[in-house]
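What follows is one structure encoded as structure tokens, with my remarks underneath.
The values are calculated or read from the model by the stated rules, or taken from the named source; none is laboratory data. Just so it is clear, the model here is predicted, and its values are computed rather than measured. Glycine gets a Cβ as well: all are built from the backbone with ideal geometry, and neighbour counts include every protein chain shown. Just the protein is used for accessible areas: all its heavy atoms, side chains included, with ligands, DNA and RNA removed. Shrake-Rupley method; radii C 1.70, N 1.55, O 1.52, S 1.80 Å.
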Amino acid sequence: MGKQIVYSNPPREGKRPLTGWAPRLRKSVLYILKNRWLYGLLVPGLLYFILFRYLPMWGVLIAFKNYQPFLGFGGSEWVGLEHFSRLVHDPGFSMLLKNTFILAFYNIIFFFPLPIVLALLLHEVRQAAVKRLIQTVIYLPHFISWVVVVGIAYVFFTTEDGIINSFLEQLAGVKIPFLTSSEWFRTMIVSQVIWKETGWGTIIFLAALAGADPQLYEAARMDGASRLRLVWHVSLPALKPVIIVLLILQMGKFMDSGFEQIYLMLNEANSDVGEVFDTYVYRVGITKGQFSYSTAVNLFKSLVGLVLIVVSNRLAKRFGEQVIY
């Protein structure tokens, strides 16, 4: 018989995987070091969000204080929810809420669908040169500041030698106070947003349409589908997840009416329909120095947006649609 070999430490059949947080952390660190130049590209963006988005959140605490600049943050008195109570019981609170909500609804109803429609129309343009030309033209207004946009509106719609009113006076002998009328204020605001941002809003929808499966279009054409049927049964389903996600994100900005535009269009004649939370925060916070109260107003606005985005996300998830988390 052969000599039997006895191992003091018998060999293991297989190497067991390392468990615990330390090996995983080591693996992650090695992976980051291996791709350090790619991760380095994240540094400017991370610094931006840390310095200008997260660190300023500490200042939200003055909404619960009676902040006095001479006493500083630590020396100011805590007042709890006093500023929020003052906001809710303010006689103008209902007007602010109504004006902000109406403008937000108008933007969703009249502005939000237009980039989708325009993207679908552009997607049907077959000539690449014509398509690029149209895209360039409709993107340009996005890069114009609101000061210039409002200035253009004054040139066209003022009752004193405005182009539109001069034409109306020659045609019908009347002038319409577009800029000083409460009836026309919301129409003017939404129209300016549509003119300025519709073209820019098509970018993400055109990108989604570019990712649609070409075989679906070919199969639909073979079945005899017209262009309208292609849009309804292929293009729109390709856009549906993007539309749902953008609509949810829009709910988070529901209370953001846009300070610059409304402030420039606001005057004594239309303040009853034009005063919103954004302009109210500026008026009481900057011009009157009520920093704690204006911070509470802005925090209230942010909390409403947070609630709306959570509710809309849950509704989309319940219906089996694309969600953001």
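For residues that are more than 14 Å from P113 (Cβ to Cβ) and among the charged types (D, E, K, R), tally how many sit in the range 197-216.
1
Mind telling me which of the residues V117, V147 ends up being more than 18 Å from the chain's Cα centre (by Cα), over 25 Å from F185 (Cβ atoms) and among the aliphatic types (A, V, I, L, M)?
V117
Do we have any residue at all in the range 134-146 that's touching a residue at least 40 places away in the same chain (Cβ under 8 Å), open to solvent by 70 Å² or more (accessible area, probe 1.4 Å) and under 30 Å from L264 (Cα atoms)?
yes
Do you know which residues across the range 214-226 are touching a residue at least 12 places away in the same chain (Cβ under 8 Å) and over 32 Å from the mean Cα position of the chain (by Cα)?
Across the range 214-226, the qualifying residue is only A220.
Sort out which residues of the range 194-245 are touching a Pro at 6+ places or on another chain (Cβ under 7 Å) and under 14 Å from L122 (Cα atoms), and write them in order of number.
Those that are touching a Pro at 6+ places or on another chain (Cβ under 7 Å) and under 14 Å from L122 (Cα atoms): T198, G199, G201, T202, F205.
In the range 256-266, what count of residues is obtained for those that are open to solvent by less than 40 Å² (accessible area, probe 1.4 Å), touching a Ser or Thr at 6+ places or on another chain (Cβ under 8 Å) and not hydrophobic (A, V, I, L, M, F, W, C)?
1
Restricting attention to the range 208-255, report how many residues are in contact with a Gly (Cβ under 8 Å, 6 or more places away or on another chain) and crowded, with 17+ Cβ neighbours inside 10 Å. Spell out the reasoning first.
Step one: list which residues in the range 208-255 are in contact with a Gly (Cβ under 8 Å, 6 or more places away or on another chain), which gives 238, 251-255.
Still in the list and also crowded, with 17+ Cβ neighbours inside 10 Å: 238, 251-252, 254-255.
Residues flagged as in contact with a Gly (Cβ under 8 Å, 6 or more places away or on another chain) and crowded, with 17+ Cβ neighbours inside 10 Å within the range 208-255 amount to 5.
Do you know which of the residues in the range 102-114 that are in contact (Cβ under 8 Å) with a residue 40 or more places away in the chain, out of contact with any Leu (no Cβ under 9 Å at 6 or more places or on another chain) and not β-branched (V, I, T) is most open to solvent (accessible area, probe 1.4 Å)? Spell out how you get there, then give the answer.
Residues of the range 102-114 in contact (Cβ under 8 Å) with a residue 40 or more places away in the chain: 102-104, 106-108, 110-112, 114.
Remaining after also requiring out of contact with any Leu (no Cβ under 9 Å at 6 or more places or on another chain): 102-104, 106-107, 110-111, 114.
Narrowing the set further to residues that are not β-branched (V, I, T) leaves 103-104, 106-107, 110-111, 114.
Working: L103: 4, A104: 9, Y106: 83, N107: 30, F110: 110, F111: 43, L114: 64 Å².
Step by step, filter the range 102-114, then rank; the result is F110.
Mind checking whether some residue in the range 53-70 is in a helix (DSSP H, G or I), out of contact with any strand residue (DSSP E or B) (no Cβ under 6 Å at 6 or more places or on another chain), open to solvent by 90 Å² or more (accessible area, probe 1.4 Å) and closer than 18 Å to G285 by Cβ?
yes
Going residue by residue through the range 75-82, is there one that turns out to be in contact (Cβ under 8 Å) with a residue 60 or more places away in the chain, β-branched (V, I, T) and either within 17 Å of G289 (Cβ to Cβ) or exposed (fewer than 15 other Cβ atoms within 10 Å of the Cβ) (or both)?
yes
Does S94 meet the test of being under 14 Å from Y280 (Cβ atoms) and either open to solvent by 30 Å² or more (accessible area, probe 1.4 Å) or at pLDDT below 95 (or both)?
On the way: under 14 Å from Y280 (Cβ atoms): yes; either open to solvent by 30 Å² or more (accessible area, probe 1.4 Å) or at pLDDT below 95 (or both): yes.
For S94, the condition - under 14 Å from Y280 (Cβ atoms) and either open to solvent by 30 Å² or more (accessible area, probe 1.4 Å) or at pLDDT below 95 (or both) - is met.
Select from the range 115-133 the residues that are closer than 30 Å to L266 by Cβ and open to solvent by 60 Å² or more (accessible area, probe 1.4 Å) and list them in ascending order.
none
Which members of the range 151-201 meet the condition of being open to solvent by 70 Å² or more (accessible area, probe 1.4 Å), among the β-branched types (V, I, T) and not in a helix (DSSP H, G or I)?
V174, T180
For a quick check of your reading of the model, give me the residue pairs whose first member lies in the range 56-69 and is under 14 Å from N298 (Cα atoms) and touching a residue at least 12 places away in the same chain (Cβ under 8 Å), whose second is open to solvent by 60 Å² or more (accessible area, probe 1.4 Å) and among the acidic types (D, E), with beta-carbon atoms closer than 9 Å and at least 6 apart or on different chains.
That search, which allows pairs on different chains as well, returns F64/E82.
Confirm whether G258 is on the phi > 0 side of the Ramachandran plot and touching a residue at least 24 places away in the same chain (Cβ under 8 Å).
Spelling it out, G258 is indeed on the phi > 0 side of the Ramachandran plot and touching a residue at least 24 places away in the same chain (Cβ under 8 Å).
Please go through the range 268-297 and pick out each residue that is open to solvent by 40 Å² or more (accessible area, probe 1.4 Å) and touching a residue at least 60 places away in the same chain (Cβ under 8 Å).
If the condition is that a residue be open to solvent by 40 Å² or more (accessible area, probe 1.4 Å) and touching a residue at least 60 places away in the same chain (Cβ under 8 Å), then A269, D272, F291 are the ones that fit.
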